[in-house]
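The values are calculated or read from the model by the stated rules, or taken from the named source; none is laboratory data. Just so we're clear, the structure is a prediction, and the values are computed from it rather than from any experiment. Cβ placement follows ideal geometry from the backbone for every residue including glycine, while neighbour counts extend to all protein chains displayed. With ligands, DNA and RNA removed, areas are computed over all heavy atoms of the protein, side chains included. Shrake-Rupley method; radii C 1.70, N 1.55, O 1.52, S 1.80 Å.
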Amino acid sequence: MPMTPSVLVFDVNETLIDIESIAPLFGELFGDERVLREWFGQLVTYSMTVTLADMYVDFFTIGRGALRMLADIYGVEVADADARRLQEQMRTMPAHPDAQGALTALRDNGFRLVTLTNSPHRPGVSTPLDNAGLASLFDRQLSVESCRAFKPSPVVYRHACEALGVAATECMMVAAHVWDLLGAHNVGYRTALITRPGNPPLPVEGLPQPDLVANDLHQLAEQLITGPRPSDGPPPSSTY
């Protein structure tokens with residue numbers, strides 16, 4: 001493996017932008033903002049499911065459907081306008097406060113920054129990263145739309161390497177979700193877990209563990225720029 005990852009591939013939702021910003025909508029509709037987490041879990045579950053079933057609809061469409069499914073479960077009314085509000089808020093979530101400074105530091109220290117997201121990109125339509133004010137820090141914004149499969153399918157990470165013209169061993173996947181890192185590890189990426197609230201490591205013997213674990217993006221940048229690098233000394237253990 002190269003001495004350091006030259007390409008940092010960032011997940012977007014929750015890793016860079018704050019999904020908690022849409023919690024008030026769930027509080028309004030369901031009377032409990034914590035339903036946001038249930039909805040997001042269903043969204044991720046069904047995105048994976050449609051890929052395993054060899055189907056595809058975009059992430060925002062699944063998000064609207066998951067909202068209506070939860071409305072049936074909870075016995076509440078969700079109007080078409082509410083589903084549209086959710087989709088718009090999914091597009092316009094703000095960046096986490098640590099994102100701008102940490103990404104700038106990484107870029108200025110020679111790392112190539114790209115994103116790889118489940119969210120769709122449409123020609124002429126601003127992306128969630130554009131709306132969060134982070135787009136200018138990245139060389140490329142890649143979406144699973146290009147291969148019509150969701151993370152953590154191996155085809156997604158391989159497609160990213162092909163689009164960037166790099167080998168998987170040159171890349172580090174940075175995400176707040178262990179499931180994303182497992183997919184990236186499977187094709188040869190190094191991995192870094194950002195432990196946003198509610199997103200700790202998964203201590204399962206026999207599963208690969210992240211090369212780096214950081215509380216936030218500032219800590220990740222410090223580790224990559226000035227701290228121990230993933231390749232310093234012996235390789236990290238692949239399991240607990």
### Summary
Rounded to whole Å², per residue accessible area for the chain with a 1.4 Å probe reads 44 Å²
### Query
Separation between the Arg68 and Met55 pseudo-spin-labels, each 7 Å from Cα along Cα→Cβ, expressed in nm?
1.3 nm
### Query
How far, in degrees from 0 to 90, does helix 59-74 lean away from the longest principal axis of the Cα atoms of the chain, to the nearest 10?
50 degrees
### Summary
Under the Karplus relation with 6.51, -1.76 and 1.60 and θ = phi - 60°, whole-Hz ³J(HN,Hα) for the stretch 107-112, x at Gly and Pro, equal 4, 5, 9, x, 7, 8
### Query
Taking the DSSP beta bridges in the chain as the whole, what percent of them are antiparallel, to the nearest 5?
5 percent
### Task
Calculate for the chain the 222 nm mean residue ellipticity that helices alone would give, adding -39,500 (n - 2.57) per DSSP H run of length 4 or more and normalising by residue count, nearest 500 deg cm²/dmol.
-12000 deg cm²/dmol
### Computed lengthening from Ile225 to Asn186, 0.36 nm per intervening residue step minus Cα-Cα distance
11.5 nm
### Message
Taking the full set of protein chains and a 1.4 angstrom probe, give the accessible area of Tyr46 in square angstrom, rounded to the nearest 10.
### Response
100 Å²
### Query
Round to a whole number: what % of the accessible area of the chain belongs to carbon and sulfur, probe 1.4 Å?
53 percent
#### Entry: Choice from Leu16, Leu207, Leu129 showing the highest fluctuation, given a GNM over the chain with Cα pairs closer than 10 Å
Leu207
